[in-house]
Structures are given as structure tokens and as C-alpha cells.
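Written out below as C-alpha cells is the structure these notes cover.
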């Protein structure tokens, strides 16, 4: 929580709907496939309930590969903000992209995260945003289980199917009380910033 990246990107200025979701498809193998599945789930959300969508793009990830996997087109128009990577769109669904260095900006402007990432999931939960994830074939099941024991209800695990992801997302989007409750669970489980200062204090003592 002491190292959440914040960059030059005004996510809140791009908000158009009451709620927003940040996509964290990861930075390793299967990133494009995970992103495509997240987008497929979003397409199943009724347009009247669909949130604003943000995407944090890790430095090793190709935007062109993401666009191709999800059948989206990249909008070439960029702002002057250094972390702005433009948009992906199919004419109905729009995904606002920012560099991973501005991930904190996106999460703070969102209400839910859909995450296949590691550290970014922990940071999202610590910021009070419940996460929806699915197990992919390359996940180490023992590690995944250990993480889930820490995260508790704050990280919702579903099958890697667009319908199940969409159902979980829609439930959080339409249930403010539950979304708030799970956000608090995440904050309680992860804790806030201050670890670095505590460690330094012990070293100096």
C-alpha cells in the first residue's frame, strides 16, 4: 500500500456514468485472453447498467494484442497527460486506457476491479475496491488458495466464463450495500499504508 503508482491521468474527468470498473488483466502470459474475457463479460451487462471502464496497461503488454483479442479498435486521439494511452472501442463499449504507472488513479476513480493481477489486486482491495477474478490455467492453485485465505470475501472468484463474470459484476454494481461491505472487508484484510515507515523505524531503533 506504500507503493501504489499514481501518474498524470485524470480518470474522474472521464467518468460519465454513476459507477466505474477498472480492468487489471495482468502482465504475464494469458493477459490478452484474460482481457478479452473481461470485455466479453462487460458486453453482457445491460447498457443502462454498464459502468465506465478503465484499463491499466502494464509496460510489457501490447495494446494492439489486447485490442485484437477483444475485437476492439484503438482510438488514436490522446490527451497531453503522460499516462494516457487513448481508448479502445467497438462503437458501443469504450475502454479508457492508462499506463500501469497511473493504476492508482484508475482504482481511486472506480468502484470495482476485475483483476487477474497479483500485487495490483492486493492494492485494490486495500483501497476498498472489491475484486472479481477467475482462475486461469497457469495459476498455482496452492498460492491462489493462500491468497484467497487472506482476501476473504473481498475477492470474488468465478469460473472463467463471461456469463459468470458478468453475473458477479452486475451484482456488485446494483447492490451498493454489498459493494460497500466487501470494500470494507478488503481494507480490513489488507490494511493501509505505513509498513515502510514501520520497518524503517524498527531498523533505526
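Of all residues in region 109-127, those being out of contact with any helix residue (DSSP H, G or I) (no Cβ under 8 Å at 6 or more places or on another chain) and at pLDDT 95 or above number 1.
Close Cβ contacts (under 7 Å, 6 or more residues apart or on different chains) running from residues in region 80-100 that are on the phi > 0 side of the Ramachandran plot and modelled with pLDDT of 95 or more to residues that are part of a strand (DSSP E or B) and surrounded by fewer than 22 Cβ atoms within 10 Å (Cβ to Cβ) comprise 86/74; 86/75. Among the residues of region 47-61, those identified as free of Cβ contacts under 8 Å to residues at least 60 places away in the same chain and surrounded by fewer than 21 Cβ atoms within 10 Å (Cβ to Cβ) are 47, 48, 50, 58, 59, 60, 61.
Taking the criterion of being part of a loop (DSSP other than H, G, I, E, B) and within 20 Å of residue 120 (Cβ to Cβ), the residues of region 11-25 that qualify are 11, 19, 25.
Within region 139-148, identify whether any single residue is in contact with a helix residue (DSSP H, G or I) (Cβ under 7 Å, 6 or more places away or on another chain), at pLDDT below 95 and over 13 Å from residue 182 (Cβ atoms), and answer yes or no. Full working, then the answer.
Our first condition is that a residue be in contact with a helix residue (DSSP H, G or I) (Cβ under 7 Å, 6 or more places away or on another chain); within region 139-148, this holds for none.
For region 139-148, residues in contact with a helix residue (DSSP H, G or I) (Cβ under 7 Å, 6 or more places away or on another chain), at pLDDT below 95 and over 13 Å from residue 182 (Cβ atoms): absent.
If you go through region 24-33 and keep only what is touching a helix residue (DSSP H, G or I) at 6+ places or on another chain (Cβ under 9 Å) and more than 17 Å from residue 172 (Cβ to Cβ), you end up with 25, 26, 27, 31, 32, 33.
Could you figure out which of (1) in a strand (DSSP E or B); (2) touching a helix residue (DSSP H, G or I) at 6+ places or on another chain (Cβ under 6 Å); (3) farther than 16 Å from residue 115 by Cα isn't true of residue 86? Against the list (1) in a strand (DSSP E or B); (2) touching a helix residue (DSSP H, G or I) at 6+ places or on another chain (Cβ under 6 Å); (3) farther than 16 Å from residue 115 by Cα, residue 86 comes up short only on (2). Being out of contact with any strand residue (DSSP E or B) (no Cβ under 7 Å at 6 or more places or on another chain) and assigned to a helix (DSSP H, G or I) is the filter; apply it to region 40-65 and report the residue that is farthest from residue 160 (Cα to Cα). Among those that are out of contact with any strand residue (DSSP E or B) (no Cβ under 7 Å at 6 or more places or on another chain) and assigned to a helix (DSSP H, G or I), it is 64.
Please verify whether residue 44 is within 21 Å of residue 9 (Cβ to Cβ) and surrounded by 12 or more Cβ atoms within 10 Å (Cβ to Cβ), treating the condition exactly as stated. Taking the combined requirement at face value, the residue does not satisfy it. Pairs linking a residue in region 185-199 that is touching a residue at least 24 places away in the same chain (Cβ under 8 Å) and at positive phi to a residue that is assigned to a loop (DSSP other than H, G, I, E, B) and buried (at least 17 other Cβ atoms within 10 Å of the Cβ), with Cβ atoms under 7 Å and 6 or more positions apart or on different chains, do not occur. Determine whether region 67-74 contains at least one residue that is surrounded by 19 or more Cβ atoms within 10 Å (Cβ to Cβ), part of a loop (DSSP other than H, G, I, E, B) and modelled with pLDDT of 95 or more. Scanning region 67-74, I find at least one residue that is surrounded by 19 or more Cβ atoms within 10 Å (Cβ to Cβ), part of a loop (DSSP other than H, G, I, E, B) and modelled with pLDDT of 95 or more, so the answer is yes. Answer yes or no: is there a residue in region 13-23 that is touching a helix residue (DSSP H, G or I) at 6+ places or on another chain (Cβ under 6 Å), more than 17 Å from residue 100 (Cβ to Cβ), surrounded by 15 or more Cβ atoms within 10 Å (Cβ to Cβ) and touching a residue at least 60 places away in the same chain (Cβ under 8 Å). Within region 13-23, one or more residues are touching a helix residue (DSSP H, G or I) at 6+ places or on another chain (Cβ under 6 Å), more than 17 Å from residue 100 (Cβ to Cβ), surrounded by 15 or more Cβ atoms within 10 Å (Cβ to Cβ) and touching a residue at least 60 places away in the same chain (Cβ under 8 Å).
The values are calculated or read from the model by the stated rules, or taken from the named source; none is laboratory data. Source: prediction; values computed, not measured. Reconstructed Cβ throughout: ideal geometry from the backbone, glycine too, with neighbour counts over all protein chains shown.
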